[in-house]
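K.L.:
Submitted below is the structure of interest, expressed as structure tokens.
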């Protein structure tokens with residue numbers, strides 16, 4: 001992936017030299033031409049196309065923003081109820097992530113989402129302990145986190 005980015009920047013700079021105009025617009029046009037060239041020559045480049053990972057990062061950011069908004073709405077509903085009927089609890093989230101960076105990112109995304117807090121990571125890095133403000137179904141919560149955050153993190157890092 002770094003090789004593709006460097007190659008794309010070199011193509012953009014060469015486009016600037018060939019156009020004999022040295023401004024951002026010419027660089028940007030050269031960068032877009034470089035992306036098109038990399039797409040066409042993708043089978044000769046050893047790694048996957050780097051723009052796929054960029055789209056995966058954007059998808060992860062949008063997923064987090066969506067989950068942030070939805071959980072804020074849920075928390076506001078809970079706070080403004082006249083009678084609190086919450087079921088707080090701690091549950092164990094088994095994870096398939098391997099690297100420390102992936103596990104840290106997942107734990108931070110869980111903690112940044114209102115209503116949940118990652119408490120601890122197990123010694124063998126296979127589980128995260130999560131406190132939820134209102135947990136009705138543990139299996140549904142585990143499945144939701146695994147299908148959203150964990151899946152998106154794996155798309156970005158692998």
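K.L.:
With respect to residue 6, determine if the residue is modelled with pLDDT under 95 and in a helix (DSSP H, G or I).
P.N.:
When the stated conditions are applied, residue 6 passes them.
Every residue, every condition in (1) more than 19 Å from the chain's Cα centre (by Cα); (2) closer than 30 Å to residue 51 by Cβ; (3) not in a loop (DSSP other than H, G, I, E, B), yes or no:
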| residue | (1), (2), (3) |
| --- | --- |
| 74 | yes, no, yes |
| 84 | yes, no, no |
| 87 | yes, no, no |
| 98 | no, yes, no |
| 107 | no, yes, yes |
| 119 | yes, no, yes |
| 134 | yes, no, no |
| 142 | no, no, yes |
| 148 | no, yes, yes |
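K.L.:
From (1) part of a helix (DSSP H, G or I); (2) free of Cβ contacts under 8 Å to residues at least 60 places away in the same chain; (3) touching a helix residue (DSSP H, G or I) at 6+ places or on another chain (Cβ under 7 Å), pick out the condition that doesn't hold for residue 59.
P.N.:
Against the list (1) part of a helix (DSSP H, G or I); (2) free of Cβ contacts under 8 Å to residues at least 60 places away in the same chain; (3) touching a helix residue (DSSP H, G or I) at 6+ places or on another chain (Cβ under 7 Å), residue 59 comes up short only on (2).
K.L.:
Quick one: count up the residues across region 89-147 that are within 18 Å of residue 70 (Cα to Cα) and exposed (fewer than 14 other Cβ atoms within 10 Å of the Cβ).
P.N.:
7
K.L.:
Look through region 17-30, keep the residues that are modelled with pLDDT under 95 and in contact with a helix residue (DSSP H, G or I) (Cβ under 7 Å, 6 or more places away or on another chain), and return whichever of them is surrounded by the most Cβ atoms within 10 Å (Cβ to Cβ).
P.N.:
Step by step, filter region 17-30, then rank; the result is 19.
K.L.:
So if I check each of 70, 112, which one is under 23 Å from the mean Cα position of the chain (by Cα) and not assigned by TED's automatic domain parsing to the domain that holds residue 152? Working first, answer last.
P.N.:
Working: 112 fails: not assigned by TED's automatic domain parsing to the domain that holds residue 152.
Answer to the selection: 70.
The values are calculated or read from the model by the stated rules, or taken from the named source; none is laboratory data. Note that the structure is predicted; figures quoted are calculated from it, not measured. Because the Cβ atoms are built from the backbone with ideal geometry, glycine has one as well, and the counts that use them run over all protein chains shown.
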